[in-house]
1. When both residues are 6+ apart or on different chains and their Cβ atoms are under 9 Å apart, which pairs have a first residue that lies in the stretch 20-38 and is within 17 Å of residue 158 (Cα to Cα), and a second that is at pLDDT 70 or above and among the acidic types (Asp, Glu)?
2. Residue 138 passes all but one of (1) within 29 Å of residue 35 (Cβ to Cβ); (2) among the polar types (S, T, N, Q); (3) in contact (Cβ under 8 Å) with a residue 40 or more places away in the chain; which number fails?
3. Can you name the residue in the stretch 118-142 that is farther than 20 Å from residue 91 by Cβ and of a type in the set (Phe, Trp, Tyr) and is also farthest from the chain's Cα centre (by Cα) among such residues?
4. Can you tell me which of 76, 146, 101, 60 is without any contact (Cβ under 8 Å) to a residue 24 or more places away in the chain, within 23 Å of residue 44 (Cβ to Cβ) and either in contact with a helix residue (DSSP H, G or I) (Cβ under 8 Å, 6 or more places away or on another chain) or of a type outside the set (Lys, Arg) (or both)?
5. For the stretch 67-148, list the strands (runs of 3 or more DSSP E) that sit wholly inside it and hold at least 3 residues that are polar (S, T, N, Q); which are they?
Amino acid sequence: MKKILAALVLTASLLLGGCSIVKYSFSGTSIDPSVKTVTINYFEYKALKVNPSLSNDLTEAMKDKFRKLTKLEQVEMDGDLELSGAVTGYEVRAAAVTANEVAAMNRLTVTASLKFTNRKFPEEDFEQSFSAYSDYDSNNSLDAVEASLCEEIVQKLIEDMFNASVAQW
C-alpha cells in the first residue's frame, strides 16, 4: 500500500512539476501582468485611392478593441505596448466573372501595416502587413456600399491585428 501511495505522489508531483503558469484571460489575450499601458498611434493613410474616413475608423476601432478586451490604460505616448501603422492599400477588383466576361461580383480589399512594439518584452516586437476584403454585387456602385464594406473590413483587420499583437495567435 505504501508503494502505491508513494508511486501516486511521485506521479502527481512529476505531472504538476512540469506545468508552468500560463497567462489566460476570457478575452483571449496573453498580456504579462507587468504591462500596464498601451499607446495606439493614428493609422496614416498611404493608399493611392482615397477614403477619407478609413484611417480614423481603423484607429478608433483599435482603441475600442483594447478598451473592451484589456485592462491596459491608453496613454498618448511611451506606453508599455505601442501600435502604429498605415493603410497601404485600397483597391477594387473583379471577384467573379460571368460567361460574358462581365464582373458579377467585385471585391474591395484593404491592406494595412502594423508595427507592434513591446517595451517590456522587445522579443515580441514585429512589423506585419494585414489584408481583408469584402465582396459586393457589381450591380451596386462602390459609393453605395463602401461604408458598410469598410466597416466589415475594419473589423476583420482589427481582429487580426489584435490577435497578432496581444493574443499571440
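The values are calculated or read from the model by the stated rules, or taken from the named source; none is laboratory data. All values derive from a computational prediction rather than experimental measurement. Here the Cβ is made from the backbone with ideal geometry for all residues, glycine too, and neighbour counts use every protein chain on show.
1. If the second residue must be at pLDDT 70 or above and among the acidic types (Asp, Glu), the pairs left are 38/73; 38/80; 38/82.
2. Result: residue 138 fails condition (1) only.
3. Applying the first criterion (farther than 20 Å from residue 91 by Cβ) to the stretch 118-142 yields 118-127.
Next cut, of a type in the set (Phe, Trp, Tyr) only: 121, 126.
On the way: 121: 19, 126: 13 Å.
Here the residue is 121.
4. It is 60.
5. Numbers: elements: 81-97, 103-118, 126-137.
Here the list reads 103-118, 126-137.
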